[in-house]
Every structure is written in structure tokens, then in C-alpha cells.
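Participant: I have a structure I would like to understand better, so I am pasting it below and will then ask my questions one at a time.
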Amino acid sequence: MTVYNVFVNKNLSTQGLPAGSFIYGGNFNNHINGASNPFKLTGSSIFQPATKEDLLKVDYKKILSNANDGDNLQLSPLENSLKEFFALDKIKVLADKNGDGQVSEAEAQAYVNELVQKDGNGETLSLADFEKVINEQGIDLEAISKFLNSVGIEIGTSQPEVAQVAPMQTQSQAGTIARRSYAPKSSNYSSAPAGPKSINNMSLEELKTEKANRESTLSEKEKNLKAVQSGNTESIKSAKEQMEQAKKSYEDALKNDSKTAKFAKNIINNNKQIEKNQLQLDKNALKITEKQSEISQQKSSISSAETMLSSLEGALSKLPSVTGKPEDKAKDKQIEAKRNQLNKEISAKKKEIQKLKSQLEKLNSNLAELQEEKTQLEKEKSDLQTKKLQLDEVINKTASEAVKSKLEAYNKALKNVDAVKAKELEAANSAYSSAQKQVQEINAVISQKEANAEASKYSVSSDKIDKALELAESQIGVRENGGSNDSAEIRKYKNGSVDGNPWCASFSSWLYGAGQGSSNSKTFGYTASSQEIKRKATSAGCYASKNSNYVPQKGDLAMWSKSASSGHVGIVSKVYADGSFDVIEGNSGNAVKKHHYSSKHSVGGGFDGFVQMDKWLQA
């Protein structure tokens, strides 16, 4: 939402104010919805004439911080404008000179220095400078405005969406405690900075596409490593050619020198043995690389199978016990069927893991044989090198200066081959190892997602969760009267209260409580504060942060936190195989709405984690 604020002068006519009015601050809602007076300097430039001295004082670290932190930063008007300017995706691309997907402080400062020259005046940063970039990049401000309206943000409304007060009774009932409940009008809007998508935020389909790309890269790196090991790169071949020429020159000189001719045959034969030994070492290195690659793949298969086994065993442990009650006959039958199927899958998976581990043992045994072969070859190489040093010593004592010079050139060429190869091997091994880790990393994420999806097939939700979901679906479309936080239906969620306060937490309370004719005293009871729900769930050991390994279940409560007393809440209505999920939220755009999120890491808007309702209800 904040990116619109920078160029809101395009739409100032909606406020009845002239274009070019100065805009304060970094929070779109506060300034557009009238929570403060943003138009104190009507008629002046939206950015003010900013001099070079002003630009030198800009704290680029602050302006590049996450947009969600804007309320907590003390920014000057100029810094606010710059912060929002750099929040635009196209501007990020222009400023990101090294192409790493992030704009650094140095890159931001360099780009601003470049920007102030666009109007030919390097002394000031003006609206014209920004306008030119916006026009060059074709940034559609009207489309931004339409988007904000489409997600429930009405430009020009007088009531702020945030900072509304919800009363809570004290234990003594003697007074009220002011509580703030953050109710985003569309919590599926994220202000997270653009950049390469994290694999944790990808769908299963996206992950598999990314895996194919990473495996292709790994294949290229392995091919390059093998080329280096076999000496088939251009630089190694060039070094070898020079060495061969130096060797031939040296051996010819040996034969033609009367003092060394008698040693020539022995020296030439030893050189051949050294070359043969090196070829054998190169082949051995190739075999070891291939075997290590097989072992890596086998370990990945075992890890994937173990992840699946763990999820299946977890699903089995979560299955509720049968009650034996006549009214639960259908559900008992479902539970037993899932228990039997899980036991079969767990047994099969254990056998699969045992087989994979047996195969891994054979591969490790093969690798050990190759490494033993390498040890023997390196010993032979050491013996041959020792013999060469002895022969070189004889030549240096008996040969002419011309032969000694040829020997020196040959030895130098030999060392150059070793040096070139060692350097390329280091780089190739590093690149191959890095590509291997990239594949292993994404395999782990895919395995976890697939295991979670498989385990979710066996979940059996409680009747209370089923009823809550049924109620939530039936309320989609319920709306406030205007922006009043009130209507006949909403009063129902609030136990009849007419208070004009946010109602997302009241809606969730109603789903698990009054809507089912219950007080919901076993979990969080009735509350108008989303953060009260979170505190109680945390105390009960039933809260999972978005950064944990927890996979949301239907019936869980998705939690947003703006502060210790301000947030938002909705009920998870469906979880998909790719890790995405649906949430039905009260007070979302003044209504009950369903939103789809691709992953728990991509929700945005202060999303924090999940209340584990099934666990809480069974505690």
C-alpha cells in the first residue's frame, strides 16, 4: 500500500486538493484516510526542493528497511518519499546495479545521485526528477489506485482502518481496558520487497520446476569437474602441450649429449611411467566423483523416505481414539480405516528405507575400494617422483649446461601443469559442491511438502472444527453497514454488542463458541482481541510460529500481529497439497471474505503463525 503514497499527487483531485501538495509520512492509510493532516504545505512540491546537503543527510539504511517497519521509523519527509520510491519494483531493478536482487545502501545513494542529474540540475531533487523516471518506466499510477480500491481501500474515506479501540472487561467488571485490534481490509496484500522468490514460498509445482533447473546446473558443474579431472579443459591442454614440447626438447638433448646418453633410456622410461600413473589417477578421480554422486543421490532418497515416514507416524499419533458410541459409528469407522491404511504405509516405507540403506552400504563399499586404489596409485606416484629426483640429480652433476637448461624448462612446465590443474580443480570442486547443496536443499523442501500433503490425507478433524468451518463458509459475504464495524449479523458475532469496534476476533470466537451454542471455555472463550487469542494459545502450548516446521491444519486460526495488542485473525478453511491454504476472515474489507495464500511465508501484512485448534480442543 505504501508505494502509492509517493505519487498520490496524481490523484489529489479525489481530495479536492491541487496536484503538487506535500505528502507527509510513510503510512498510506493514515495519510489518505485522514488519521493525520498530510496537507500542511499545500501547493509545494511533493518532494520539496531537496539540496545536495539534504541528500547527504539521508539515512539510506532506514529508507531501505522493510515497508512493514515504517510506523516504527523516525523518517524525514524527504526520507519517507525516497523510501516509498524505492519500494517500486521497477525502481529496485534500476537501482540494483550488481543484480543480486537487493538494493544496498550504496546502490540507493548512487541511484539518487544519478537521478538528480536527469533535469540538468544537480543541486536539487525535485518532483520533475521523479516524474521523468516514472514516465520512462511506464509505472501505471491509475492501476495502483484501482488495485487499492479493489482490495477494499477507498481513497478519500474518513475512517482509518487501524487503531480502533475494542473494550475488554476486567476481571472485576469494574471498568474496561482499551484493546487495539488490527483488521486489514485485505490481508492478502503484501508489502514485502521484491526479489528472487524463496523456495520456502514456492508451490510444489514451482519447486519441481526449480529443482529441474538446479539439477541441470549440477549436471553442467559435474561435467566441468570431470573435464578438469581428465585434463580436457583448454587451459590444461595448453599447459600439457607446452610440457610435452619441453619434455621432447629435454629428451632429445639427453640423447645427443655424450655425457648423458647412457642415462637417456632410463629417464625416458621413468617419464612414461609417471605419465601412465597420472592417467590412472585421473581415471580413478572420475570414478570417485561418479560414485560420490550416486551416494549423494542415495542419501537424498533415504532422507526423503525418512521424512515421509516421520510424517506418516505423526499422522498416526494424531488420530483420535474411537469412542464406540452409536452416534460416532461413522466417524469411528473412518478412523479405523485410516489407522489400518497408515500402518500399511508405515510398514512399506520402513522396508523401502531398509532397502535403500542396504544399497547405500554397497555404494560406500565401492567408494572405499576406489579410495584404496587411489592410495596405491599415489604411492606409486611418490616412488616414481623420488626416482625422477635421483635421476635429475645425476643429470645436474654430469650434463652440459645446455641439457641442464632443458631439464629446468621441463620441470618448470611440469609444475605449471600441476598448478593450472590444481587451480581449476579447486574452482570446479567448489562450484560442483555448491550446486549439489542447492539440489539437496530443494529436495528437502519438496520431500517435506509431499510428506505433509500425504499425512494430511489421514487427518480427522473434531466435530467442533467441522462445525466451525461449516459456519465460516455460511457467513462469507456478510458485510458491515458502510465502515461502521456494525450490522445485525456482526452484532451476533459480538454477543449483541453495538460498539463500532473491529470484529475479526469476535467472528472467530463466534465460530467456536456462540455459533455452536457453546461458551468455548476449553480454549479461548469469547474475546474481541486477536492478540488475546494468541496469548492464551501460547500459554496452552498450542501456538506455532510461521517460522516453525508446523504445517497448518483446517480449523486452525491464522494470526497477524501488528503489536502486542494489535492484530488480525481468520480461520484456515482448507490446506492444499502444495502447501497453500485458504483462510476465511472476518472484518476483511468490511466483510467476511475467503483469501488464498500460496504459503505461510508469503502472507505478509504482519502474519505471525497459527493457533493449533485441534491440539487445543483435544488437550
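The values are calculated or read from the model by the stated rules, or taken from the named source; none is laboratory data. What you are looking at is a predicted structure, and each value in this text was computed from that prediction instead of being measured. Note that we place each Cβ from the backbone using ideal geometry, even for glycine, and neighbour counts take in every protein chain shown. Note: accessible area is taken over every heavy atom of the protein model, side chains too, but ligands, DNA and RNA are not part of it. Shrake-Rupley method; radii C 1.70, N 1.55, O 1.52, S 1.80 Å.
Participant: Extension gain residue 105-residue 516, at 0.36 nm per residue separation less the Cα-Cα distance, in nm?
Facilitator: My answer for the length gained is 142.5 nm.
Participant: Enter the accessible area per residue of the range 412-494 (Å², integer; probe 1.4 Å; all protein chains in place).
Facilitator: 50
Participant: Which value in nm describes the separation of the simple spin-label points at residue 328 and residue 242, placed 7 Å from the Cα toward the beta carbon?
Facilitator: So the two model labels end up 8.2 nm from each other.
Participant: Within the range 256-280, which residues have the backbone N less than 12 Å from the label spot 7 Å out from residue 400 along Cα→beta-carbon, could you tell me?
Facilitator: Under cut-off, by backbone N: 256-261.
Participant: Here is a further query. Work through the residues other than residue 616 whose Cβ is under 15 Å from its Cβ and net out their charges, Lys, Arg +1 and Asp, Glu -1.
Facilitator: +4
Participant: Percent of accessible area on the range 490-546 owned by carbon and sulfur, 1.4 Å probe?
Facilitator: 47
Participant: Please give the FRET efficiency for residue 213 paired with residue 258, using the beta carbon to beta carbon distance and R0 = 56 Å, rounded to the nearest 0.05.
Facilitator: That pair, residue 213 with residue 258, gives E of 0.30.
Participant: Top to bottom by accessible area (1.4 Å), largest first, where do 535, 479, 339 land?
Facilitator: Accessible-area ranking of 535, 479, 339, largest first: 479, 535, 339.
Participant: Could you tell me the accessible area of residue 321 in Å² (1.4 Å probe, neighbours in place), rounded to the nearest ten?
Facilitator: 90
Participant: Tell me, what % of the accessible area of the range 303-414 is carbon and sulfur with a 1.4 angstrom probe?
Facilitator: 50
Participant: Next question. In the full protein assembly as shown, how much of residue 430 is accessible to a 1.4 Å probe, in Å² to the nearest 10?
Facilitator: 70
Participant: Give the cross-link partners of residue 600 among the aspartates and glutamates, using a straight C-alpha distance below 17 Å as the criterion and excluding same-chain residues fewer than 8 apart.
Facilitator: 205, 206, 450, 556, 578, 582, 585, 608
Participant: Still on this structure, I have one more. How big is the gap, in Å, between the Cα center of the range 547-581 and the Cα center of the range 363-420?
Facilitator: For the range 547-581 versus the range 363-420, the Cα centre distance is 65 Å.
Participant: Still on this structure, please answer the following. Probe radius 1.4 Å, ligands and nucleic acids left out: which of 307, 323 has the largest accessible area, and how do the rest follow?
Facilitator: Ranked list, largest accessible area first: 323, 307.
Participant: Related question: Test of understanding: extend the Cα→C-beta vector of residue 550 to 7 Å, then name every residue of the range 441-464 with backbone N under 16 Å from that spot.
Facilitator: Residues passing the 16 Å test: none.
Participant: Among all the aspartates and glutamates, which ones have a C-alpha under 18 Å from residue 397's C-alpha, if same-chain residues fewer than 8 places away are not counted?
Facilitator: 251, 257, 408
Participant: Determine how large the accessible area of residue 596 is when every protein chain is in place; take a 1.4 Å probe and give Å² rounded to the nearest 10.
Facilitator: Approximately 100 Å² of residue 596 is accessible to the 1.4 Å probe.
Participant: Going 7 Å from the Cα of residue 268 along its beta-carbon direction, which residues of the range 392-416 have the amide nitrogen within less than 20 Å of the resulting point?
Facilitator: Output list for this probe position: 392-396, 398-400, 402-411, 414.
Participant: Local charge sum around residue 299 (other residues, Cβ-Cβ under 11 Å, Lys/Arg +1, Asp/Glu -1)?
Facilitator: So the surrounding residues net to -1.
Participant: Please enumerate, by chain and number, the aspartates and glutamates with C-alpha under 20 Å from the C-alpha of residue 97, excluding those fewer than 8 residues away in the same chain.
Facilitator: Qualifying aspartates and glutamates at Cα under 20 Å: 59, 84, 89, 105, 107, 114, 129, 136.
Participant: List, in the order given, every pair from 247/272; 83/546; 272/388 whose Cα-Cα distance in the structure shown is over 18 Å.
Facilitator: Long pairs (Cα-Cα over 18 Å): 83/546.
Participant: Could you do me a favour and compute the accessible area per residue for the range 532-619, 1.4 Å probe, result in Å²?
Facilitator: 34
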